[in-house]
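One structure below.
Bear in mind that the values in this text are calculations on the coordinates, not laboratory data. Only a predicted model underlies this, so the values are computations on that prediction, with no experimental measurement involved. A quick note on method: Cβ atoms are made from the backbone with ideal geometry, for glycine too, and the neighbour counts reach across all protein chains shown.
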Amino acid sequence: DAGVTQSPTHLIKTRGQHVTLRCSPISGHKSVSWYQQVLGQGPQFIFQYYEKEERGRGNFPDRFSARQFPNYSSELNVNALLLGDSALYLCASSSDLGQISNQPQHFGDGTRLSIL
Amino acid sequence: AQKVTQAQTEISVVEKEDVTLDCVYETRDTTYYLFWYKQPPSGELVFLIRRNSFDEQNEISGRYSWNFQKSTSSFNFTITASQVVDSAVYFCALSVRGSNYKLTFGKGTLLTVNP
């Protein structure tokens, strides 16, 4: 079975531009979460979606938005990019929010975003 | 709020040595889960283990073992007879019921195993 897949793998943008990152969860998983990992730090929670509804949001500005589609894939959008948005963006999927099975979140390889 | 502290930023050992990675967590929630993830240079976070707050039984899986102690809010990870392939960044993480089980990570410990 395929794991969590993210695209693109790498991306270079300039300040002020907009970016869309994509994530396909493991088949059967209904929850998708996004994390930002700045170099040398642990991942920081951005968003959590379950059954196409936002279930959690981290401490990130409104320039960050996301959505989940009927097939449970997800997009993360970032507007007005800043140099500080340079990071590895990780997507994770799980079968639920943990209220039933608490299966661990499984992560994709990430999208490495560089802002020039 | 939840917090995870990994006091060791970097650890360097010689192959076949045992190494313990420390993790201390903070939460007021009584229902929570603790995790260890491994991140090799490729970047993917690899799930290693999960323990819930109601099960303090320690676990051994091959060369890996975990020591969960609620009294000290610690969840330490030991690699026995380390190998070069164990070189990676290791993250301890916490998820609590009150936050829909989102993961809170520590800053990670870079483990380098030298031949």
* Asked: Near B:Asn52, within a Cβ-to-Cβ distance under 14 Å, what is the net charge of the other residues, with Lys and Arg +1 and Asp and Glu -1?
  -> 0
* Structure fact -> Ordered by fewest other Cβ atoms within 10 Å, a rough proxy for footprinting exposure, B:Leu103, A:Leu82, B:Leu48 read A:Leu82, B:Leu48, B:Leu103
* Give me the number: length gained by fully extending B:Thr9 to B:Asp29, i.e. 0.36 nm times residue separation minus the C-alpha to C-alpha distance, one decimal in nm. => 4.5 nm
* Can you tell me which of B:83-89, B:52-58 comes out highest on packing, and rank the rest after it, using the mean Cβ neighbours within 10 Å? => B:83-89, B:52-58
* Asked: Considering only Cα-Cα distances, which of the following residue pairs are longer than 25 Å: A:Lys52/B:Lys38; A:Lys52/B:Lys3; A:Lys52/B:Lys102; A:Lys13/A:Lys52; A:Lys13/B:Lys3?
  -> A:Lys52/B:Lys38; A:Lys52/B:Lys3; A:Lys13/A:Lys52; A:Lys13/B:Lys3
* Asked: Can you list the residues, at least 5 places off or on another chain, whose amide H is less than 5 Å from the amide H of B:Ile49, using H built in the peptide plane?
  -> B:Trp36
* To do: Please work out the C-alpha center-to-center distance from region B:1-36 to region A:32-76 and express it in whole Å.
  => 24 Å
* Could you line up A:Thr20, B:Thr9, B:Thr78, B:Thr109 from fewest to most neighbouring Cβ atoms inside 10 Å? => B:Thr9, A:Thr20, B:Thr78, B:Thr109
* Take every residue in peptide B:100-110, count the Cβ atoms of other chains within 10 Å of its Cβ, and give the average of those counts. => 6
* Structure fact -> With the 8 Å Cα cutoff and a minimum separation of six or more residues, chain B has a relative contact order in percent of 38 percent
* Could you list the residues of region B:25-56 with an amide nitrogen less than 15 Å from a label point located 7 Å from the Cα of B:Ser74 in the Cα-to-C-beta direction? => B:25-26
* What shape does chain B take by its C-alpha gyration tensor, where a ≥ b ≥ c are the square roots of the eigenvalues and a/c under 1.5 counts as rounded, a/b above b/c as prolate, and the rest as oblate? -> prolate
* aspartates and glutamates near B:Lys107 by alpha-carbon distance under 16 Å, same-chain residues fewer than 8 away left out - which ones? -> B:Glu10, B:Asp22, B:Glu26, B:Glu44
* **Extension gain, A:Thr9 back to A:Ser114 (0.36 nm per residue minus Cα-Cα distance, nm)** => 36.7 nm
